[in-house]
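In what follows, a structure is listed as structure tokens, so that the remarks can point back to it.
The values are calculated or read from the model by the stated rules, or taken from the named source; none is laboratory data. Keep in mind it's a predicted model, so treat the numbers as computed, not measured. Cβ: placed from backbone, ideal geometry, glycine included. Neighbour counts: every protein chain shown.
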Amino acid sequence: MAGVLGRSVEEFLALRPEEVGMLILADFQGLPPSDRATLHSWNYSQRIKLAARDAGAAEEIANQVGAVTLEGWQWLRTHGFLAPHPEHATEWEALTRAGQAVSPQAHLDEIRGLGILRRADLDGELRRTVESLMMSGKYDDAVLAAMRFVEDRVRFAGHLSNSDIGVSLMRTAFGGAGSLRDPKIDGGEATGRMDLFAGAIGVFKNPASHRIVGNDQTQAVEVIFFANTLLRLVAAAEQATRKRGRPRKRP
């Protein structure tokens with residue numbers, strides 16, 4: 001109980017369902033095996049409401065606490081951490097194997113990382129490219145896919161051929177008389193953009209990216225945000241140089 005309402009009532013009510021669910025799960029995992037064998041959502045939510053009242057919450061607020069608790073409970077059901085008890089009526093539940101094995105804090109950290117990605121103002125095609133890989137825990141593959149997507153967008157925007165790849169593609173597109181080099185910006189800045197793109201592809205679109213990212217979700221999210229910034233720069237360069245030729249529709 002204390003693990004669930006071990007904060008102010010206001011803070012508890014501000015939590016998202018997945019955060020409440022992980023608090024409930026941590027509470028369950030701390031119980032003796034005999035006590036966690038049978039769990040009941042209504043009984044549990046009533047105990048949380050009582051704890052809120054004991055903490056000084058008014059009846060209306062305590063009712064909100066109970067409702068939020070049930071949201072967290074439902075989240076646990078939906079994600080496979082709770083299931084109907086195999087030996088009791090359906091209103092009784094038990095922790096699943098996943099519910100017993102998962103680390104609530106580690107799982108919550110992962111959820112929060114994906115939440116940041118979902119709420120970010122990402123390029124729509126980039127999001128579709130990386131989201132399923134991130135959800136599957138394939139973080140290094142997501143980074144590789146993001147940089148390949150940047151490469152494809154540069155190739156298309158710069159009207160270059162499929163044989164133009166990698167670092168050389170970036171130097172061709174943004175260097176010298178490159179089709180994406182903005183003639184209105186300072187030469188040093190233009191060169192910096194070229195080096196930025198070339199460096200990004202050189203670092204993250206090769207086997208080294210697996211060593212850099214590995215299983216680190218936070219690192220993967222940061223690189224995806226970086227890829228999104230590169231896509232914004234590509235769009236700006238494409239807009240600035242559009243007068244050089246009629247843009248084609250993206251496939």
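Here are some notes:
- Those residues of region 106-159 which are touching an Asp or Glu at 6+ places or on another chain (Cβ under 6 Å) and not assigned by TED's automatic domain parsing to the domain that holds residue 215, in sequence order: 111
- Residues satisfying the stated conditions in region 115-145, i.e. crowded, with 16+ Cβ neighbours inside 10 Å and among the hydrophobic types (A, V, I, L, M, F, W, C): 117, 122, 126, 130, 133, 134, 142, 143, 144, 145
- Per the conditions (1) surrounded by 14 or more Cβ atoms within 10 Å (Cβ to Cβ); (2) closer than 22 Å to residue 106 by Cβ, the sole criterion not satisfied by residue 175 is (2).
- Residues of region 130-167 satisfying the condition of being farther than 19 Å from residue 235 by Cα and aromatic (Phe, Trp, Tyr): 139
- Test: residue in region 79-99 that is among the polar types (S, T, N, Q) and farther than 30 Å from residue 135 by Cα: yes
- Residue within region 55-72 that is surrounded by 12 or more Cβ atoms within 10 Å (Cβ to Cβ), under 25 Å from residue 221 (Cα atoms) and modelled with pLDDT of 85 or more present: no
- Scanning region 27-39 for residues being surrounded by fewer than 16 Cβ atoms within 10 Å (Cβ to Cβ) and at pLDDT 85 or above gives a total of 1.
- Enumerated helices (runs of 4 or more DSSP H) restricted to region 65-162, each holding at least 2 residues that are closer than 30 Å to residue 52 by Cα: 97-101, 104-119
- In region 97-127, residue farthest from residue 24 (Cα to Cα) [restricted to those that are within 12 Å of the chain's Cα centre (by Cα) and of a type in the set (Lys, Arg)]: 127
- Yes/no for residue 191 being assigned by TED's automatic domain parsing to the domain that holds residue 126, free of Cβ contacts under 8 Å to residues at least 60 places away in the same chain and among the hydroxyl-bearing types (Ser, Thr, Tyr): yes
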